[in-house]
Amino acid sequence: MTTKTFLNGKPIDDVIEVHEHVSPMSTYIKVLGALFVLTGLTYAVSFADLGSAGLPVAMVVAFAKAALVCMFFMHLRYDDRYHVFVFLSTLIFVAIFFTFTIFDLQSRDRLNEEQGTFFRVEQGADWDEAQRGNKRVVDAKAKADRKAAAEGKASDAAAPADAKAADGSAPADAKAPDGKAAP
Amino acid sequence: MSRAHADGPKAPHAFFQHHYNTVEQQAGAAKLGMWVFLATEILMFSGLFLAYFVVRMFYPEMVLSSHELLSKTMGGINTVVLLTSSFTMAMAVRAAQVGNTPAIVRNLILTIVCALVFMVVKYIEYSGKFANGILPGKYFDYARAAEYAQAHGHELVGLPHIFFGLYFCMTGLHGVHVLVGIGVLLWILVRAKRGHFGPQYFTPVENVGLYWHIVDLVWIFLFPLLYLVK
């Protein structure tokens, strides 16, 4: 074949774009067997009470299965390393996404309290009641914000007091402490 | 490790596009594009997985009590069905690599059958839930769901509709992917029957295979998280 490949305007020899690998049938059958065994394992383990170890065990098995599928069924083991990079880079971004979100949610309890943010329904609470409470808080805050905007550079300290006056039955959450900056 | 180019560069095939220099370059471009698409798929599902973990973090009792209403057996059957379909899909790609058209067609049909079995099991699961007031979002009927749970010896704790909202979103989006998968599998089945694929050209089979394996991968994580959590 006489077709030439050019990179940055220069012809290059023996360029390899695709690494083809034909795995033997036995590989696929062994991988399928391993996947079935791992599925049986998670299924069996789910009936045993492992306590807090249950989730990590299930995740380790799931990652093992995922690795088998990626390496052999998706040919990543034999594929261009760049495809492995593209695939693994998503896992890095997912890890960042998970870590930062969970860090944020775990460390903002005090902030929510200060801002009066409706955030979490306690275990055993009445959901409808909680939603009504949430609506009161949100409405009161919106009203206060509108008023503050209308008054131009109104002080934030005035807003919560106004909200309280507008709806006396607002739950304790709605009472934002005075003097706290709430942009 | 790789036997690429052992037989020298490939000759142009009927589907060779003029704007590529070589057949390998065309295949490589298509495959890289597919991997980038798969990366976006993982990122999309990761949002739902994160939502699951957050809800689990804040309401552990609610997640644990609600998931008892999902059938581990149904989920298990679906896992086995999807893993099998992934295997037949890999066999179809292999058949294309070695140029065995009847085997491509056979394995693609098996894959589609597995996908349909998966959707039928999902339909049985969903209709069982719908019939007992377990519906997505605001249609969730707490009284009927609690009755259903009690009939099965469980008790609903906290806010079960949040868990089932996640359940319907996650399995629903996955189910949509299975349906799309059936569509693209049918497309390459028709092309395989026309004899389009062989060792020279099997990019569509390979890329549809990659997509199908990602659908399988997502289910590998959905199954333990939604059905087996403890």
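A short reminder: the numbers here are calculations on the coordinates, not readings from a lab. Because the structure is predicted, anything quoted here is derived from the model rather than measured. Please note: Cβ atoms are built from the backbone with ideal geometry, for glycine as well, and neighbour counts cover all protein chains shown.
General observations
- Among the residues of A:65-74, the average count of other protein chain beta-carbon atoms within 10 Å of the residue beta-carbon is 6.
- Number of partner chain Cβ atoms within 10 Å, mean per residue of B:20-31: 5
- Nearest-0.05 FRET efficiency for A:Leu91 and B:Lys72, computed from C-beta distance (R0 30 Å): 0.60
- Remark: B:Arg144, B:Arg94, A:Arg110, B:Arg56 ranked as A:Arg110, B:Arg144, B:Arg56, B:Arg94, counting other beta-carbon atoms within 10 Å and listing the fewest first.
- 10 Å Cβ neighbours from other chains, averaged over peptide A:31-38: 4
- For A:Asp139, A:Asp104, A:Asp80, the sequence from fewest to most other C-beta atoms within 10 Å is A:Asp104, A:Asp139, A:Asp80.
- Modelled label positions at A:Arg132 and A:His21, each set 7 Å beyond Cα in the direction of Cβ, lie 6.4 nm from each other.
- From phi via Karplus (6.51, -1.76, 1.60), per-residue ³J(HN,Hα) for region A:102-114 in Hz, x at Gly/Pro: 6, 4, 4, 5, 7, 10, 10, 4, 5, 4, 4, 4, 5
- Listed residues B:Gly33, B:Gly99, B:Gly198, most fluctuating in chain B (Gaussian network, C-alpha, under 10 Å): B:Gly33
- Neighbour counts of other Cβ atoms within 10 Å put A:His21, A:His75, B:His67, B:His19 in the fewest-to-most order B:His19, A:His21, B:His67, A:His75.
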